[in-house]
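**Student:** Pasting in a structure now, in structure tokens, and then I'll have a few things to ask.
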Amino acid sequence: MQLFNPSASSPEPLQLRPYQRDIVEGVENSNSPRQLIIAGTGTGKTFMAANVIKRALAVGKKTLFFTHRNTLLTQSFSEFAQLDLPLSFISSGSRVDLTQPVQLVSLQTVAYWSNSDLNELKFKFDQVIFDECHITNWFTIAQFFCPPLPEKPPFKVIGLTATPWRRSKYESLADYYQTPHVAPLPGVLMAQGFLSPFVYFTINKIERKT
């Protein structure tokens, strides 16, 4: 597992926006074992997660952060580096080092681990965060760490999503999470100056040649 040590000369860390602070503090102060952060694209879900992790570290708690794509691991690292979080990767080609209190984990990688290795990982950490949880919670390996309710995992579980819906009407994030923390809608954040206004285009009519 390769270790990453952010440079001490990196830019001044970003500060939480008011709505981000409300969500981070809501997660920190809640006693709920299963919490869901619902925030649209551009609202800073990963940055909020990094701050949740930093506050957990301050009281000695360690975190597993799960994603389903290596590109998301890289993006998450760049966010976490702003807060100088002590971390390492569990992903293809990396050397496992569980001494680091924050682990960025590829679900595809741990899907091939033995049960004994998975149990070691499971019981060494205090909270688990699922990025894009509307997708990742339905991975078979994810359910080893976060089974559907009412089962109780041995740690706090936090989901991140901008899209709290599944295509199937028989599947719901309420199967896995109990307490939501919801960011303001994009229109509100645009009005507050936190998101840029956007223009979108649609196709009115498609002519097909026969």
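**Student:** Order 95, 208, most accessible first, counting only protein heavy atoms with a 1.4 angstrom probe.
**Tutor:** On the way: 95 150, 208 210 Å².
Output order, biggest surface exposure first: 208, 95.
**Student:** To continue, here is another question. Only Cα pairs within less than 10 Å get springs; with that Gaussian network setup on the chain, which residue of 71, 163, 136 has the largest fluctuation?
**Tutor:** Result for the chain, Cα springs under 10 Å: 71 fluctuates most.
**Student:** State the extension gain, in nm to one decimal, for the chain segment bounded by residue 204 and residue 169, taking 0.36 nm per residue of separation less the distance between their alpha-carbons.
**Tutor:** Values: separation 35, 0.36 × 35 = 12.60 nm, distance 2.95 nm.
Between residue 204 and residue 169, full extension yields 9.6 nm more.
**Student:** So if R0 is 45 Å, what FRET efficiency would residue 185 and residue 95 give, r being the distance between their Cβ atoms, rounded to the nearest 0.05? Can you show the working numbers first?
**Tutor:** Details: r = 43 Å, r/R0 = 0.96.
That gives a FRET efficiency of 0.55.
**Student:** Okay, next question. Using the Cα centre of the chain as the reference point, and only Cβ charges (+1 on K/R, -1 on D/E), how large is the resulting charge dipole? Debye, rounded to the nearest 20.
**Tutor:** So the dipole magnitude of the chain works out to roughly 500 debye.
**Student:** If you take the charge dipole of the chain about its Cα centre, with +1 on Lys and Arg Cβ and -1 on Asp and Glu Cβ, which of 148, 187, 201 is farthest toward its positive end?
**Tutor:** 201
**Student:** Mind listing the phi-derived Karplus ³J(HN,Hα) values for region 200-207, rounded to whole Hz, using 6.51, -1.76 and 1.60 with θ = phi - 60°, and x for any glycine or proline?
**Tutor:** Karplus-based 3J(HN,Hα) across region 200-207 equals 10, 10, 10, 9, 7, 8, 10, 9 Hz.
**Student:** Quick check: with the 1.4 Å probe, what order do 45, 62 take by accessible area, largest first? List each step's numbers first, then the result.
**Tutor:** Details: 45 30, 62 60 Å².
Reading off the accessible areas and sorting them downward yields 62, 45.
**Student:** State the number of lysine pairs found in region 18-192 whose Cα atoms come within less than 30 Å, restricting to pairs 8 or more positions apart or on distinct chains.
**Tutor:** For region 18-192, the number of qualifying lysine pairs is 27.
**Student:** So with the 1.4 Å probe, I'd like the accessible area per residue for region 50-195, rounded to whole Å².
**Tutor:** About 49 Å² of surface per residue is accessible.
**Student:** If the elastic network links every pair of Cα atoms under 10 Å, which of 30, 116, 88 fluctuates the most in the Gaussian network model of the chain?
**Tutor:** Most flexible of the set in this elastic network: 116.
**Student:** Still on this structure, please answer the following. Using only protein heavy atoms and a 1.4 Å probe, report how much of residue 113 is accessible, in Å² to the nearest 10.
**Tutor:** Here the accessible area works out near 60 Å².
**Student:** For the chain, set up a GNM with springs between Cα atoms under 10 Å and report which of 182, 59, 96 has the largest fluctuation.
**Tutor:** 59
**Student:** Which percent of the accessible area of the chain is formed by carbon and sulfur heavy atoms (probe 1.4 angstrom)? Numbers along the way, then the final one.
**Tutor:** Details: 6370 of 12060 Å².
For the chain, the apolar C and S fraction of the accessible surface comes to 53 percent.
The values are calculated or read from the model by the stated rules, or taken from the named source; none is laboratory data. Please read all numbers here as calculations on a predicted model, not as lab measurements. Glycine also receives a Cβ, built like all others from the backbone with ideal geometry; neighbour counts cover every protein chain displayed. The protein model used for the area step is the full one, side chains on, heavy atoms only, and it has no ligands, DNA or RNA in it. Shrake-Rupley method; radii C 1.70, N 1.55, O 1.52, S 1.80 Å.
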